[in-house]
1. Do you know which of the residues in the stretch 9-46 that are assigned to a helix (DSSP H, G or I), β-branched (Val, Ile, Thr) and free of Cβ contacts under 8 Å to residues at least 60 places away in the same chain is farthest from Leu67 (Cα to Cα)?
2. In the stretch 106-117, what residues are assigned to a strand (DSSP E or B) and near the ligand (Cβ under 8 Å from one of its atoms)?
3. Is at least one residue of the stretch 153-167 outside any helix (DSSP H, G or I), among the small types (Gly, Ala, Ser) and within 16 Å of the ligand (Cβ to nearest atom)?
4. When only residues in the stretch 118-152 that are among the hydrophobic types (A, V, I, L, M, F, W, C), over 22 Å from Gly65 (Cβ atoms) and away from the ligand (no atom under 11 Å from the Cβ) count, which is surrounded by the fewest Cβ atoms within 10 Å (Cβ to Cβ)?
5. Please go through the stretch 49-84 and give me each residue that is in a strand (DSSP E or B) and over 16 Å from Thr122 (Cα atoms), ordered by number.
6. Would you mind telling me which numbered condition in (1) away from the ligand (no atom under 13 Å from the Cβ); (2) touching a helix residue (DSSP H, G or I) at 6+ places or on another chain (Cβ under 6 Å); (3) under 30 Å from Ala224 (Cα atoms) Glu103 fails?
7. Output yes when any residue across the stretch 179-201 is under 21 Å from Lys97 (Cα atoms) and surrounded by 11 or more Cβ atoms within 10 Å (Cβ to Cβ), and no when none is.
8. So, in the stretch 34-56, exactly how many residues are among the small types (Gly, Ala, Ser) and modelled with pLDDT of 95 or more?
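The values are calculated or read from the model by the stated rules, or taken from the named source; none is laboratory data. Values in this document were obtained by computation on a predicted structure and should not be read as measured data. Positions of Cβ are backbone-derived with ideal geometry, glycine not excepted, and every protein chain shown enters the neighbour counts.
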Amino acid sequence: MEIDIVSIFPEIITGFLGHSLLGKAIDKKALGVNLRNLRDYTGGRHRVVDDVPFGGGPGMVLKPGPLMKAVDSLKRDGSLVILLTPQGTLLSQDVLKRHSSKEHIIMLCGRYEGVDERVAETRVDEEISIGDYVLSGGEVAACVYIDSLARLIPGVVGDGESVTGDSFYGSLLKHPQYTRPADYEGLAVPAVLLSGNHADIARWRRERSLERTFRKRPDLLEKAELSREDRSFLQTLGHRSKEVN
Ligand code: 6GU
């Protein structure tokens, strides 16, 4: 997978890409990331990327030309073009799973005042937001997107289990985790985890995962893949499944 990120502040992203998991993925060539400075697509000597909004109002809007030129020069067959903007579809593990099979992704980092609408109309496949709050620019959102996407690319996370056990994988929150010491300030680790009985441990983890999801994020249970055992366990907690079967 290769990702081109177009931004007016590529240096915000540089440091992030060097950090542990992403840095390793890039070293192993499981993932290629190219940072592109939007100013390199302006043509003119002054390298102007923004201008005042037509109709008035505060702030500056990213001009259509540089962004369109960037997409046109980077795009190839099968590229997915994403615009990072608070107006986009909310990022989720489902969106990431769908994107993880793409060969090439172009990410355009917007800025909070806006991006000329004609860019989205003519060059963008999907607009993505990372949550209902406003960031000053798409760069931090691009980091969030790449970090979570990279985990889904084969060969990036060493142990396959670390991904299938993640929160949201299979639409459930992760079970609680403990490490040594087994007793800290009188707080004991659940005994089952020290038992060495792998079947008991797996069942305990599954039940804690279901319980947590039911208590904290019941909305996630709607689309979770649940076995007959999962459903009857959830019933003991007071969960009423909407399914009739
Ligand atoms: Cl992708 N961009 C900006 N500027 N703000 C955001 C966002 C993106 N996602 C949530 N807030």
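1. Pass one, the stretch 9-46, residues assigned to a helix (DSSP H, G or I): 10-17, 20-27, 38-41.
Subsequent filtering for residues that are β-branched (Val, Ile, Thr) retains 12-14, 26.
After this cut, where a residue has to be free of Cβ contacts under 8 Å to residues at least 60 places away in the same chain as well, the list is 14, 26.
Numbers: Thr14: 20, Ile26: 25 Å.
Once the filter is applied, the top-ranked residue is Ile26.
2. First, the residues of the stretch 106-117 that are assigned to a strand (DSSP E or B): 106-109, 111, 115.
Result: Cys109, Arg111.
3. Step one: list which residues in the stretch 153-167 are outside any helix (DSSP H, G or I), which gives 153-159, 165-167.
Adding the requirement that they be among the small types (Gly, Ala, Ser) leaves 155, 158, 165, 167.
Checking the rest, the ones that are also within 16 Å of the ligand (Cβ to nearest atom) come to none.
Checking the stretch 153-167: not a single residue is outside any helix (DSSP H, G or I), among the small types (Gly, Ala, Ser) and within 16 Å of the ligand (Cβ to nearest atom).
4. So in the stretch 118-152, the residues among the hydrophobic types (A, V, I, L, M, F, W, C) come out as 119-120, 124, 128, 130, 134-135, 140-144, 146, 149-150, 152.
Narrowing further to those that are over 22 Å from Gly65 (Cβ atoms): 128, 130, 134-135, 140-141, 143-144, 146, 149-150, 152.
Among the residues that remain, those that are also away from the ligand (no atom under 11 Å from the Cβ) are: 146, 149-150, 152.
Numbers: Ile146: 21, Leu149: 22, Ala150: 23, Leu152: 19.
The selected residue is Leu152.
5. To start, the set of residues in the stretch 49-84 that are in a strand (DSSP E or B) comprises 50-51, 61-62, 79-84.
Within the stretch 49-84, Asp50, Asp51, Val61 qualify.
6. (2)
7. Narrowing the stretch 179-201 to residues under 21 Å from Lys97 (Cα atoms): none.
No, the stretch 179-201 contains no residue that is under 21 Å from Lys97 (Cα atoms) and surrounded by 11 or more Cβ atoms within 10 Å (Cβ to Cβ).
8. Here is the first cut: in the stretch 34-56, the ones among the small types (Gly, Ala, Ser) are 43-44, 55-56.
Checking the rest, the ones that are also modelled with pLDDT of 95 or more come to 55-56.
Residues in the stretch 34-56 being among the small types (Gly, Ala, Ser) and modelled with pLDDT of 95 or more: 2 in total.
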